[in-house]
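Chemist: Pasting a structure below so you can have a look.
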Amino acid sequence: MSNFTELETAVLHAIFKETPEIQDALERQLEAATVVERENTGAGFFTTIAIQEDVAAVSSASPLGREVGARVGGVNHGMGFLVFMENGRMRTLEGFTYADSTADLDLEHVDFEVLSVPEGSAI
(Lines give C-alpha, C1' and ligand atoms only; values in the text may rest on other atoms or scores of the structure.)
Protein backbone atom coordinates (compact mmCIF):
# COMPACT_ATOMS: atom_id res chain seq x y z
CA MET A 1 0.00 0.00 0.00
CA SER A 2 1.42 3.35 -0.96
CA ASN A 3 0.76 6.97 -0.04
CA PHE A 4 -2.64 6.62 1.67
CA THR A 5 -3.36 8.93 4.60
CA GLU A 6 -4.41 7.50 7.95
CA LEU A 7 -7.96 8.72 7.33
CA GLU A 8 -8.14 7.11 3.88
CA THR A 9 -6.75 3.82 5.18
CA ALA A 10 -9.14 3.66 8.14
CA VAL A 11 -12.14 4.53 5.98
CA LEU A 12 -11.24 1.95 3.33
CA HIS A 13 -10.95 -0.82 5.92
CA ALA A 14 -14.34 0.18 7.37
CA ILE A 15 -15.92 0.14 3.90
CA PHE A 16 -14.47 -3.29 3.18
CA LYS A 17 -16.19 -4.65 6.30
CA GLU A 18 -19.57 -3.72 4.77
CA THR A 19 -19.03 -6.38 2.10
CA PRO A 20 -17.63 -9.42 3.94
CA GLU A 21 -18.01 -11.61 0.84
CA ILE A 22 -15.31 -9.59 -0.97
CA GLN A 23 -13.48 -8.07 2.01
CA ASP A 24 -10.34 -10.21 1.60
CA ALA A 25 -10.12 -9.44 -2.12
CA LEU A 26 -10.49 -5.70 -1.44
CA GLU A 27 -7.78 -5.91 1.21
CA ARG A 28 -5.49 -7.52 -1.39
CA GLN A 29 -6.29 -4.71 -3.80
CA LEU A 30 -5.40 -2.15 -1.14
CA GLU A 31 -2.06 -3.86 -0.49
CA ALA A 32 -1.21 -3.37 -4.18
CA ALA A 33 -2.78 0.08 -4.53
CA THR A 34 -1.09 3.40 -5.19
CA VAL A 35 -2.48 6.89 -4.84
CA VAL A 36 -2.37 8.54 -8.26
CA GLU A 37 -3.92 11.88 -7.36
CA ARG A 38 -5.56 13.57 -4.39
CA GLU A 39 -7.85 16.61 -4.66
CA ASN A 40 -9.36 18.65 -1.82
CA THR A 41 -12.53 20.01 -3.44
CA GLY A 42 -13.54 22.30 -0.58
CA ALA A 43 -16.57 20.07 0.06
CA GLY A 44 -14.47 16.96 0.65
CA PHE A 45 -11.88 15.13 -1.40
CA PHE A 46 -11.27 12.69 -4.23
CA THR A 47 -8.40 10.21 -4.08
CA THR A 48 -7.67 8.47 -7.37
CA ILE A 49 -6.37 4.92 -6.90
CA ALA A 50 -4.39 2.65 -9.22
CA ILE A 51 -4.43 -1.13 -8.71
CA GLN A 52 -1.83 -3.36 -10.31
CA GLU A 53 -3.27 -5.40 -13.18
CA ASP A 54 -2.12 -8.72 -11.68
CA VAL A 55 -4.39 -8.22 -8.65
CA ALA A 56 -7.75 -9.99 -8.90
CA ALA A 57 -10.82 -7.93 -9.75
CA VAL A 58 -14.03 -8.35 -7.72
CA SER A 59 -17.67 -8.43 -8.66
CA SER A 60 -19.39 -5.68 -6.70
CA ALA A 61 -21.77 -2.80 -6.82
CA SER A 62 -20.42 0.69 -7.22
CA PRO A 63 -20.12 2.70 -5.12
CA LEU A 64 -19.28 0.93 -1.88
CA GLY A 65 -19.41 2.59 1.53
CA ARG A 66 -22.90 3.88 2.05
CA GLU A 67 -22.75 3.31 5.81
CA VAL A 68 -19.28 4.60 6.70
CA GLY A 69 -18.75 8.08 8.06
CA ALA A 70 -16.31 9.89 10.28
CA ARG A 71 -16.06 12.70 12.74
CA VAL A 72 -13.21 14.83 11.43
CA GLY A 73 -11.44 17.66 13.22
CA GLY A 74 -12.49 20.98 11.69
CA VAL A 75 -15.68 19.52 10.16
CA ASN A 76 -18.69 20.19 12.39
CA HIS A 77 -21.18 17.84 10.73
CA GLY A 78 -18.93 14.91 9.84
CA MET A 79 -18.06 13.28 6.54
CA GLY A 80 -19.31 10.39 4.44
CA PHE A 81 -17.25 8.21 2.13
CA LEU A 82 -17.72 6.18 -1.05
CA VAL A 83 -15.42 3.94 -3.06
CA PHE A 84 -16.13 3.88 -6.77
CA MET A 85 -15.20 0.71 -8.60
CA GLU A 86 -14.08 0.39 -12.22
CA ASN A 87 -13.76 -3.02 -13.89
CA GLY A 88 -13.77 -4.73 -10.49
CA ARG A 89 -11.02 -2.58 -9.00
CA MET A 90 -11.08 0.39 -6.65
CA ARG A 91 -10.69 3.57 -8.68
CA THR A 92 -11.75 6.55 -6.54
CA LEU A 93 -12.29 7.20 -2.85
CA GLU A 94 -14.60 10.15 -2.26
CA GLY A 95 -14.91 11.90 1.08
CA PHE A 96 -17.72 14.44 1.33
CA THR A 97 -18.97 16.81 4.00
CA TYR A 98 -22.60 17.17 4.96
CA ALA A 99 -22.46 20.95 5.41
CA ASP A 100 -18.89 22.16 5.98
CA SER A 101 -15.88 23.23 3.96
CA THR A 102 -12.61 21.32 3.76
CA ALA A 103 -10.84 24.13 1.89
CA ASP A 104 -8.63 25.11 4.85
CA LEU A 105 -8.05 21.59 6.21
CA ASP A 106 -4.89 19.56 5.86
CA LEU A 107 -6.71 16.30 5.15
CA GLU A 108 -3.48 14.34 5.46
CA HIS A 109 -3.12 15.23 9.14
CA VAL A 110 -6.61 15.57 10.64
CA ASP A 111 -7.91 13.95 13.81
CA PHE A 112 -10.79 11.59 13.07
CA GLU A 113 -13.04 8.83 14.32
CA VAL A 114 -14.56 6.40 11.81
CA LEU A 115 -18.20 5.51 12.45
CA SER A 116 -20.87 3.32 10.95
CA VAL A 117 -23.74 5.55 9.87
CA PRO A 118 -27.24 4.33 8.98
CA GLU A 119 -27.96 5.14 5.34
CA GLY A 120 -29.64 8.49 4.88
CA SER A 121 -28.47 10.12 8.11
CA ALA A 122 -25.67 12.52 8.87
CA ILE A 123 -23.18 12.22 11.70
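Chemist: Any idea how many residues of the stretch 1-49 are aromatic (Phe, Trp, Tyr) and over 16 Å from Val114 (Cβ atoms)?
Modeler: 1
Chemist: Okay, moving on. Only one of Arg28, Arg66 is within 16 Å of Phe4 (Cα to Cα), surrounded by fewer than 18 Cβ atoms within 10 Å (Cβ to Cβ), in contact (Cβ under 8 Å) with a residue 12 or more places away in the chain and of a type in the set (Lys, Arg). Can you tell me which?
Modeler: Sole residue among the options that is within 16 Å of Phe4 (Cα to Cα), surrounded by fewer than 18 Cβ atoms within 10 Å (Cβ to Cβ), in contact (Cβ under 8 Å) with a residue 12 or more places away in the chain and of a type in the set (Lys, Arg): Arg28.
Chemist: Let me confirm something: among Val36, Val11, Val83, which residue is at pLDDT 95 or above and loosely packed, with under 14 Cβ neighbours inside 10 Å?
Modeler: Just a single option satisfies the conditions, and that option is Val36.
Chemist: Can you spot a residue in the stretch 54-62 that is of a type in the set (Val, Ile, Thr) and within 27 Å of Asp106 (Cβ to Cβ)?
Modeler: No, there is no match, as no residue in the stretch 54-62 is of a type in the set (Val, Ile, Thr) and within 27 Å of Asp106 (Cβ to Cβ).
Chemist: Now for a separate question. Being touching a residue at least 24 places away in the same chain (Cβ under 8 Å), closer than 18 Å to Leu82 by Cβ, within 14 Å of the chain's Cα centre (by Cα) and not in a helix (DSSP H, G or I) is the requirement here; does Thr48 meet it?
Modeler: yes
Chemist: Moving to a separate point now. Only residues in the stretch 89-109 that are closer than 20 Å to Ala61 by Cα count as the first member; pair them with residues that are part of a loop (DSSP other than H, G, I, E, B), Cβ under 7 angstrom, at least 6 apart or cross-chain, and list the lot.
Modeler: Hits for this filter: Arg89/Ala57; Phe96/Ala43.
Chemist: Out of the residues in the stretch 46-63 that are among the hydroxyl-bearing types (Ser, Thr, Tyr) and more than 16 Å from Thr19 (Cα to Cα), state the one that is surrounded by the most Cβ atoms within 10 Å (Cβ to Cβ).
Modeler: Once the filter is applied, the top-ranked residue is Thr47.
The values are calculated or read from the model by the stated rules, or taken from the named source; none is laboratory data. Quick caveat, the model's predicted, so the values are computed rather than measured. Note that each Cβ is placed from the backbone with ideal geometry, even for glycine, and that neighbours are counted across all protein chains shown.
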